[in-house]
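The block underneath contains the structure these notes are about, expressed in structure tokens.
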Amino acid sequence: MKETRDILIRGMTADGFIRFCAVQTRGIVERARGIHHMLPLATAALGRALTAASMLGDDIKDEAGSVTLQIRGGGPLGAITAVSDAGGNVRGYLQNPAVELPLRADGKLDVGGGVGTDGVLTVIRDIGAGEPFSGKVALRSGEIAEDIAAYFAESEQLPTACALGVLVDRDGSVLCSGGYLLQLMPGAPEAQIALLEESIAAVGSITTRLHEGMDIEGLIARIFKEIPYSVMKRHEVAYECKCTREKVERALVSMGKTELAALAAEQETAHVTCQFCDEVYSFSREELEALVK
């Protein structure tokens, strides 16, 4: 299979009525699959969440900012967390990576059944200064794209079309992955909205187009074939964990002196595993005692 880089693009139509973001995430999702040893259903669910987080994070203006997506739908996959920095680089995990469910009637993975609908999607935006902004929306389908669109409509009053897709091969590897967000600005003409809806319907499944060899820029070009637009931003994105030994030390200290002292007394060596990348940090009893002090 031809290797492709994970690319994110952002732009707007010439009249300023539609802004868009689109990203290709095969490498990101394949990296997450390897880290978390996920079966196909978990790969598809976390992959969609990572794809959405990348597009939302890239919209943060402050370089120190971030966006966190938390999906808790009560399904067998458990809680899903995806975090993006301001450059669209992401990391994430879910509780139960080995869940399997029967395929849907159309032969596709039952992501909605795995995620569940008895819960909420939470979007936490940290713009780099002050308290992070948090918005929530009740889950519609658990398929994630529809839930992201509902979040924008309810929390930000921004009509949004969202597509997210992950295609998994028979051996569990990721064949293709990507997504787009199309958002209508106030005053968008009804005729243009109708034209956009027709184009989205004509393009069809995002994974079908990507699997056929179309890249994410080609897909956007197909959607806007009748509407002039410009790409204003284009760059690579990746799966990136931000963990360091120093951050883990601070997390241990935050446990409190009593609990940390008890840990030092109980274990000769304590092992702390990062949820995002499975990196293991080991601390000897002496190191723990030094943190207590």
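The values are calculated or read from the model by the stated rules, or taken from the named source; none is laboratory data. On a predicted model such as this, the values are computed, not experimentally measured, just so you know. All Cβ positions, even for glycine, are placed from backbone atoms using ideal geometry, and neighbour counts span all protein chains on display.
Observations, loosely collected:
- Within the range 109-168, considering residues that are hydrophobic (A, V, I, L, M, F, W, C) and either more than 17 Å from the chain's Cα centre (by Cα) or not assigned by TED's automatic domain parsing to the domain that holds ILE220 (or both), the one nearest to SER205 (Cα to Cα): LEU109
- Candidate set from the range 114-145 (those that are closer than 9 Å to GLY73 by Cβ and touching a Lys or Arg at 6+ places or on another chain (Cβ under 6 Å)); member that is surrounded by the fewest Cβ atoms within 10 Å (Cβ to Cβ): VAL120
- Some residue of the range 223-233 being modelled with pLDDT under 95 and of a type in the set (Ser, Thr, Tyr): no
- Among the conditions (1) modelled with pLDDT under 95; (2) within 20 Å of SER205 (Cβ to Cβ); (3) aliphatic (A, V, I, L, M), the only one that ALA22 does not satisfy is (1).
- Test result for ALA188, surrounded by fewer than 17 Cβ atoms within 10 Å (Cβ to Cβ) and of a type outside the set (S, T, N, Q): no
- Number of the condition not met by ALA262 [criteria: (1) part of a helix (DSSP H, G or I); (2) assigned by TED's automatic domain parsing to the domain that holds LEU103; (3) at pLDDT below 95]: (2)
- Residue match in the range 228-246 (condition: part of a helix (DSSP H, G or I) and either within 18 Å of ARG5 (Cβ to Cβ) or among the aliphatic types (A, V, I, L, M) (or both)): no
- Out of PRO189, PRO159, sole residue that is at pLDDT below 95 and within 27 Å of THR81 (Cα to Cα): PRO159
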